[in-house]
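Here's the structure we're looking at; comments come further down.
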Amino acid sequence: MFPPDFAWGAATAAYQIEGGWQTDGKGPSIWDTFCHKEGRGCGAQTGDVTCNSYELWDKDLQCIRQLGLTHYRLSLSWPRLLPDGTTRHVNQKGVEYYNKVIDDLRSCDVSPMVTLYHFDLPQALQDGGGWKAPAIAAAFDDYARFCFRTFGDRVKLWLTVNEPYVCAKLGHEDGVHAPGLKEAGTAAYLAGHNMLRAHARAWHSYNSLYRSTQGGAVSLAINSDWLEPWRPEHAADVSASARSLAFTLGWFGWPLFVTGDYPHAMRAAVDTQSVKLGHRGGPRLPVFSEDEPSPLGTADFFALNYYTSRKVKDGSGGEWGMSMRCDRDTEEILDPDWSICGAAWLAVVPGGLRKLLHYIKDTFGDPVVYITENGFCQAGPLVKEDAQRGRFYEETIQEVEKAIGEDGVNVRGYFAWSLLDNFEWADGFDLRFGLFHVDFSDAERKRTIYRSGLEYARIISKYKAAHSK
Ligand code: GAL
């Protein structure tokens with residue numbers, strides 16, 4: 001069922017694997033600052049060195065080749081390329097590093113998919129207000145144009161922002177990701193809004209300046225769980241589950257694919273709660289200005305990061321106040337039948353991916369879809385013979401195959417998260433998502449394939465062989 005040019009990939013992100021946090025002129029990012037502060041969740045762990053891919057890229061390339069990937073998704077570190085975030089000063093060493101990565105991939109017949117922003121904002125831009133400041137959209141557009149101009153002759157798949165939901169909510173409302181703000185009920189909506197504005201500007205730049213010569217495609221990676229009613233026979237749970245999807249997938253999906261604005265259910269919920277709280281000072285969920293390019297139509301494909309599923313109950317479980325959770329007024333819970341892998345949040349539900357894909361087809365106008373992240377982690381004692389994760393990949397890919405073959409979803413690629421064990425944000429090195437184990441106690445950061453890595457390689461080669469017959 002997989003088309004012959006299906007993208008078989010794995011993904012990583014700069015801050016999680018590169019290290020070299022101040023090597024060769026790189027500027028600091030908000031994650032450097034956040035990790036160097038005391039009192040964060042994962043103790044003294046940082047991404048200062050992590051897999052050291054900045055120096056050990058050759059080793060990563062060997063891993064990519066061993067898996068037989070056709071595509072590799074990486075992110076560019078904005079402050080490695082532009083240390084103060086602006087094009088006033090370009091760090092040539094950073095350009096050389098990514099040129100080598102991109103050229104090496106292509107010489108091995110692996111196509112790069114490049115994310116411009118995977119959580120690591122230049123600290124200098126944070127100092128000017130970061131994603132909460134409207135001016136960030138112009139700064140991002142400059143950076144995006146610089147990247148299209150510099151790498152776009154060889155990169156044909158671009159993602160502007162990775163997971164604006166996570167970046168906005170965990171970074172600006174929950175405070176567990178950089179920049180560590182806890183401004184519940186306001187800052188996340190504002191940050192998410194400016195990410196959409198930034199994305200739309202960058203897409204328009206690509207469209208008018210580079211598309212005709214470079215011929216690539218640009219999107220934004222949206223993460224969402226599959227959400228369904230806890231009690232399907234209860235109307236309140238049915239509408240709670242729709243509302244919950246509106247606040248995750250819909251928050252970014254509707255502006256890009258449906259109306260150019262946030263879902264009605266989301267705006268209505270935020271506004272209703274604002275009235276109840278006696279909030280003044282304009283809508284907390286911002287309004288898109290007519291003087292700017294609309295986000296509608298600014299995604300050339302749907303980029304989906306899917307990890308898990310939840311059942312949804314009406315009501316925020318007794319919480320009351322100014323927060324996104326209270327606005328949404330739902331509770332997302334685990335089905336006791338689902339198994340959990342290393343992280344408490346990660347219930348293993350491959351079937352949820354098929355349902356979500358079907359929903360995307362129906363809701364967003366049958367777009368081309370790339371699954372830009374999906375994975376399974378381990379915690380605690382290292383298990384290199386991870387048969388369970390191998391089965392997870394096999395079952396998940398079967399679900400994708402059914403989505404294509406039986407539901408007619410136009411899925412063009414699948415990227416496993418992640419190529420390597422790496423710095424898992426607030427969880428540091430405690431969660432291992434890699435197809436390759438990385439020994440962080442070894443100066444050489446030795447990479448060793450897991451059994452699940454071998455399994456993924458076997459799956460890829462089986463589908464490739466089916467087409468070469
Ligand atoms: C995503 C994120 C990745 C990775 C993954 C596993 O939210 O984009 O960087 O950390 O989750 O938790």
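The values are calculated or read from the model by the stated rules, or taken from the named source; none is laboratory data. Nothing here was measured: the structure is a model prediction, and the numbers come from that model. Cβ coordinates were reconstructed from backbone atoms using ideal geometry, including for glycine residues, and neighbour counts include every protein chain displayed. Side chains included, ligands, DNA and RNA excluded: accessible areas come from the protein's heavy atoms. Shrake-Rupley method; radii C 1.70, N 1.55, O 1.52, S 1.80 Å.
Tabulated values for the structure
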| read-out | value |
| --- | --- |
| For a label point 7 Å along the Cα-to-beta-carbon line of T213, residues of the range 143-162 with backbone N under 14 Å | 145-155 |
| Apportionment of accessible area to carbon and sulfur, the chain, percent (1.4 Å) | 51 |
| Whole-angstrom gap from the range 167-216 to the range 408-443, using each part's C-alpha centre | 23 |
| Part-to-part distance (alpha-carbon centres) for the range 106-137 and the range 276-328, which is given in Å | 22 |
| Debye log10 I(q)/I(0) for the chain, one point scatterer per Cα, at q = 0.06 Å⁻¹ | -0.24 |
| Heavy-atom surface of the chain, accessible at 1.4 Å and reported per residue (Å²) | 37 |
| Where labels lie 7 Å past Cα in the beta-carbon direction, separation of M1 and D109 in nm | 2.6 |
| Pair A387, R458: separation of 7 Å Cα→Cβ label points (nm) | 1.1 |
| Dipole magnitude of the chain about its Cα centre (Cβ charges: Lys, Arg +1; Asp, Glu -1), debye to nearest 20 | 600 |
| Efficiency of FRET between K100 and E233 - r from beta-carbon atoms, R0 51 angstrom, step 0.05 | 0.30 |
